[in-house]
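Coordinate-derived values only; no laboratory data. Since the structure is predicted, the reported quantities are computational estimates derived from the model, not experimental observations. So basically every Cβ, Gly included, is an ideal-geometry build from the backbone, and we count neighbours across all protein chains shown.
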Amino acid sequence: MLDKIDFSHEDEISKEELVSRYKNYDPDGDTTLLEKAYDFATEAHLPQKRSSGEPYIIHPRNVAATLIKLKMDLDCICAGLLHDVVEDCEVCEEEIAREFNPVITQIVVGCTKISKIKFRSKEETQAENFRKMVVAMAKDLRVIIVKLADRMHNMRTLQYVSKTKQVNKAQETLDIYVPLASRLGINSVKLELEDLCLRFLHPDIYYRLAEKIAMKKKDRDRYIKETVSLIKEKLQEYGVQGNIRGRSKHFYSIYKKMLQRGVGFEQVTDLLAFRVIVDNITDCYKCLGIIHSAWTPVPGRFKDYIAIPKANNYQSLHTTVLGPEAERIEIQIRTREMHEVAETGVAAHWKYKERSRNQKATDIRWVEELLEFNKSMKDNSDFMHAVKNDLDFHGVFVFTPKGDVFELRSGASVLDFAYTIHTEVGHHCVGAKINGKMVPMKHRLKSGDSVSILTSKTQEPSKDWLKIVKTTRARTKIKQWLLKIERKRQREIGEKILEEGIKKYDSSLKTLIKKNEFAKVFDEFHIKNMNELYIHLGSKKLTLMQVLGNLPSIDVASPKVDLKEVGSLYKKVNSRAKKTSRHDNAVIVDGLDDVLVRMGKCCNPIPGDSIVGFITRGRGVTIHTSNCQTVFQSEGSRRVSVGWNKSYSFKHPVNIRVVTHDKPGTLSLMSKNINNMGVNIRTAIAKSLPDQKGSFFFEVEVKDYSELLRVLGMLEGMEEVITVTRA
Ligand code: MN
């Protein structure tokens, strides 16, 4: 257990062998499904051969063996055996679902989907998006773990494919899978994959390193042996029990050092690494003290990942010292549990869950937290969801027809995507083709969709589009366009008003402009040019009299024509707004004027929600959200079509529940932020939860759905906040 996991390719792994390896860590597990998956995969892959000429089934068996080395659960191992049957054999999803269980099916389907992604990672940002896409598409993190095991075996047998394929696969592994393994904290897999990538991407460097390290092998083995027993002695002097291993560093880490320092192999001095595994955290620091007093530490090389764990939960003490014979050696010190976590990362979760049933909980903070966390959740998928949230991959990842990947926020529509590509594409968007099917522009995107936007020259944005889009970029672009149109209209109206107004004094706009009569108006109202003046007039920021009064050649007291006529033009400006504000209700009911409207208490709809109305006996019309249970249960004949009254402004109460880390001042900070958005808080209730968490309940007044979204988004964005829900 304390040694590095050996992921070497194995020629033959029998069913009994796999079962017995699994039983090593789960003696009571029921391996019926595992045996069935073994036979099923063997049968399905029967006629197939790998590039190496071996029977194909060797591949899934090795993948399963790797998953067992990571101590994964039975479902995951079964999925490992079956991961290629949908893609490569003529087995359909339904057959897997029939023969096995939903979890296994979902993992196999997830693997198949990810296999179909064509990676093109020319740029770093694209690689990042591909990684996120893999996570977003894997509904269960075990899909990624199976993909890692799959990749591990493919990389280990890469010598049998063409040179071009070797380089492509290795680069893809380095760009996509190594960072995923790292983020999930599965170090054993990460280090192994890195070395394999180096071997195929830079074979010259890899084999030179291998040769040089091999040349010194005898010396090195002696040195490691002596140093291990020396450390052991020193620890024993102070009564510390430790398990010590020494090894040469991974090639890839030597290679990285050479690149970082711009030096050759000869100048990289610290090639050896030692690992001390002790019983508890106190012993970790004790051990560090003993080592630092025995050998001189190299300045700047000490790192305390116990006090400050890495983002992937890795914990350990790292130091480099001038060891025996003044050789630079790196030493890592950690507890047994930290070591298991370091080797298997997220995968350790399943293992610890198994163990916690019969064994005492470990003393590792994060494992405990994980277990604690898991207890409070319904099932594994909730846990996975939480880990995914932690990975911060909320987005939707879609392809352009060219195969580039774009990330959009979840819930984004076709229209959002159109604006992501180009503003003009957005303005003229009429819909899209997704995976060959036509969809409307409000269609919500899913990760993995291949989207081709359809445009029309005559299409232009409208106010309704603001309800379709979720991204800030699209919203801003639509608003800018609407504003531009509005400005154009105001400008036209303003110019007309001024023209007509001046005519009443027997003069003309043209003449007055020529005579430069507007200088005083510009000065008085801080206006730059005529255009701006028209807009001010058209939008009623200035009245005609204010302008005329500042024109030298016009005497406002003696018009040639009655000014009242001009007034009618203003009415035109506002006629549109007036038309829509006829109703005093928040909701407009089709075909019914002046009807009493109430909001359903069950679903509490707010403007922007999709809604349905019900004619109630004696109570007018009740409004429900279209997905409200009441809607499904009631008779269709009483249903009426309703819509939100856009010009009606009102404040609607909504309940929000927030769970945060328990920090003083959190409530006042949240309240301040909500108020700063111009949103009123009616009620705020705070409660302390166990395990250092706080629960808050707010009743806020929002004017519509988009305002509510803004409030929810703001709260979600706060550092202290864990979850935000509309209650
Ligand atoms: Mn495979």
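Here are the numbers:
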| quantity | calculated |
| --- | --- |
| Inter-label distance, nm, simple model (7 Å from Cα along the C-beta direction), Asn101/Lys15 | 2.0 nm |
| Amide H partners (placed H, <5 Å) of Val396, local residues excluded | Leu408, Arg409, Ser410 |
| CD proxy at 222 nm, helix term only [per DSSP H run n ≥ 4: -39500 (n - 2.57); per residue of the chain; nearest 500] | -15000 deg cm²/dmol |
| Stretch gain in nm, segment Thr282-Ala686, where the contour uses 0.36 nm per residue and the Cα spacing is subtracted | 141.6 nm |
| Cα-centre dipole for region 416-514 with unit charges at Cβ (Lys and Arg positive, Asp and Glu negative), debye to 20 | 240 debye |
| Trypsin sites (Lys or Arg not before Pro) restricted to region 457-525 and DSSP loop, no more than 11 other C-beta within 10 Å | Lys457, Lys463 |
| Karplus 3J(HN,Hα) series, Hz, for region 172-185 with 6.51 cos²θ - 1.76 cosθ + 1.60 (x for Gly, Pro) | 4, 4, 5, 7, 9, 7, 4, x, 5, 4, 5, 5, 7, x |
| Cα extents of the chain along the three principal axes, largest first (Å) | 113, 63, 57 |
| For Gly431, distant residues with modelled amide H under 5 Å away | Leu454 |
| Positive-end residue, region 146-246 charge dipole about Cα centroid, Cβ charges, pick of Leu193, Pro203, Ser182 | Pro203 |
| Residue (of Met530, Gln236, Asn655) at the positive-pole extreme of the chain, dipole from beta-carbon charges | Met530 |
| Alpha-carbon centroids, region 685-727 and region 28-68: separation in whole Å | 48 Å |
| Cleavage-rule hits (chymotrypsin sites (Phe, Trp or Tyr not before Pro)) in region 645-727: DSSP loop, at most 15 neighbouring Cβ within 10 angstrom | Phe650 |
| Distance (nanometres) between label positions extended 7 Å along Cα→Cβ at Glu720 and Glu128 | 2.9 nm |
| Integer Hz, Karplus 6.51/-1.76/1.60 couplings in order for region 548-557, x for Gly and Pro | 4, x, 9, 9, x, 8, 10, 9, 5, 6 |
| Dipole in debye (nearest 20) - region 181-307, about Cα centre, beta carbon charges: Lys, Arg +1; Asp, Glu -1 | 240 debye |
| Of Leu689, Thr543, Ile331, farthest towards positive along the dipole that unit charges on Lys, Arg, Asp, Glu beta carbons give the chain | Thr543 |
| Net length gained if the chain between Glu35 and Lys528 were fully extended (0.36 nm per residue, minus Cα distance) | 169.2 nm |
| Part-to-part distance (alpha-carbon centres) for region 82-96 and region 407-479, which is given in Å | 35 Å |
| Mean separation of Cα contacts under 8 Å (6+ apart) over length of the chain, as relative contact order % | 7 percent |
| Sparse-neighbour loop sites [chymotrypsin sites (Phe, Trp or Tyr not before Pro); region 236-339; at most 16 other C-beta within 10 Å; DSSP] | Tyr238, Phe302 |
| Amide H contacts under 5 Å for Asn645, placed H, 5+ residues apart | Val587, Ile588 |
| J(HN,Hα) series, region 36-51, from Karplus relation 6.51 cos²θ - 1.76 cosθ + 1.60, nearest Hz, glycine and proline x | 5, 5, 4, 5, 4, 5, 4, 4, 5, 8, 3, x, 7, 10, 8, 4 |
| Dipole magnitude (debye, nearest 20) for the chain, charges at Cβ of Lys, Arg, Asp, Glu | 2900 debye |
| Stretch gain in nm, segment Gln260-Val161, where the contour uses 0.36 nm per residue and the Cα spacing is subtracted | 32.5 nm |
| Bridge type composition, the chain - antiparallel percent by DSSP, nearest 5 | 85 percent |
| The chain: angle of helix 15-25 to the longest principal axis, Cα-based, in degrees nearest 10 | 80 degrees |
